[in-house]
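Report on the structure given below.
The values are calculated or read from the model by the stated rules, or taken from the named source; none is laboratory data. These numbers come from a predicted model, not from an experiment. Reconstructed Cβ throughout: ideal geometry from the backbone, glycine too, with neighbour counts over all protein chains shown. Please note that ligands, DNA and RNA were not included when accessible areas were found on the heavy atoms of the full protein model with its side chains. Shrake-Rupley method; radii C 1.70, N 1.55, O 1.52, S 1.80 Å.
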Amino acid sequence: MLTISRRFNGPPHSGNGGYVSGMLAQLFLEEFGDTPGAKVEVTLRKPPPLEKPLTIRQPAESESLRLLDGSTVIAEAELVEAAGELVEPVSYDEALTAAKGYAGLSGHPFLTCFVCGPDHPTGLHVFPGPVPGRKGVVAAPWTPAEDAVGPEFVWAALDCPGGWSAGDLAGRPMVLGRMSVEMLDEAPIAAGERYVVLGRHLRTEGRKTFTVSALYGPSGEPVASAEAVWIAVDPAKVKPVGTD
């Protein structure tokens, strides 16, 4: 069973996509182990409910793992080829400067998002702003707290910068639809250290937006990279099944 704490919301009534995907990815790796040349991809089928026990199930004769609310599939994890690309890094000081232009400070569809919401009291406060001279690239500084150093928080930190790289989410709200992460450094992230997270917009096709993101460590070393697909939504309708 897996229960998503209310603290880890994205939209007000459902779990943050990156955090939930990271939790399911870790359960997948515990079940099937790590595979060289591959990474875990998680597809979110429905908004993940908060404070509700969810079932973990492996479909018959399949190396995948499903997160279910009753009979409703919330998310599914599987292995895909590790063929992502890194977003070119910037320095920590450059990320600090970029964050001053974070569009979410003046308009945000999900103000209490655990990752990028300015109104979340105990969130990650990853505020990605545009990098000068690099179209479609955003960057943010991130200093992990003592209670935010697990792999699921790496997934979370890589999540929202991808969405904000596509432009102002207040004008075109989106939620995470699919995400895959490749861990590039076996060492766990360290609380209190200075990290930089970047997102880059690749393309938009109808309601779908494709992005990549990357996390760099205190010495500029690549920690993780991600690919993601985002879906344009009406924020008022992003609620778990059965929520009024």
For region 30-84, which fully contained strands (runs of 3 or more DSSP E) count at least 2 residues that are free of Cβ contacts under 8 Å to residues at least 60 places away in the same chain? 55-57, 64-69, 72-81
Any idea which of V154, V181 is closer than 18 Å to P218 by Cα and buried (at least 16 other Cβ atoms within 10 Å of the Cβ)? V154
Residue hits (region 73-118; farther than 22 Å from L29 by Cβ and in contact with a Lys or Arg (Cβ under 6 Å, 6 or more places away or on another chain)) are V87, Y92
Looking at V238, V233, which one is buried (at least 19 other Cβ atoms within 10 Å of the Cβ), in contact with a strand residue (DSSP E or B) (Cβ under 9 Å, 6 or more places away or on another chain) and at negative phi? V238
So how many residues does region 102-117 have that are open to solvent by less than 40 Å² (accessible area, probe 1.4 Å) and more than 14 Å from L215 (Cβ to Cβ)? 11
Scanning region 48-92 for residues that are within 30 Å of Y195 (Cβ to Cβ) and hydroxyl-bearing (S, T, Y), which turns out surrounded by the fewest Cβ atoms within 10 Å (Cβ to Cβ)? S91
Test V80 against the criterion of being among the β-branched types (V, I, T) and under 19 Å from V175 (Cα atoms), and give yes or no. no
Within region 124-148, can you find the residues that are of a type in the set (G, A, S), open to solvent by less than 20 Å² (accessible area, probe 1.4 Å) and assigned to a loop (DSSP other than H, G, I, E, B)? A148
All but one of (1) open to solvent by 30 Å² or more (accessible area, probe 1.4 Å); (2) in a loop (DSSP other than H, G, I, E, B); (3) of a type in the set (V, I, T) hold for T97; state the number of the condition that does not hold. (2)
State all residues of region 190-209 that are under 20 Å from A75 (Cα atoms) and crowded, with 18+ Cβ neighbours inside 10 Å; if no residue qualifies, say none. T209
Quick one: in region 1-26, which of the residues that are of a type in the set (A, V, I, L, M, F, W, C) and surrounded by 16 or more Cβ atoms within 10 Å (Cβ to Cβ) is nearest to the chain's Cα centre (by Cα)? V20
One residue from R200, R194, R178 being among the charged types (D, E, K, R) and over 17 Å from the mean Cα position of the chain (by Cα): R194
On the basis of being farther than 20 Å from A170 by Cβ and either among the hydroxyl-bearing types (S, T, Y) or at pLDDT 95 or above (or both), does S219 make the cut? yes
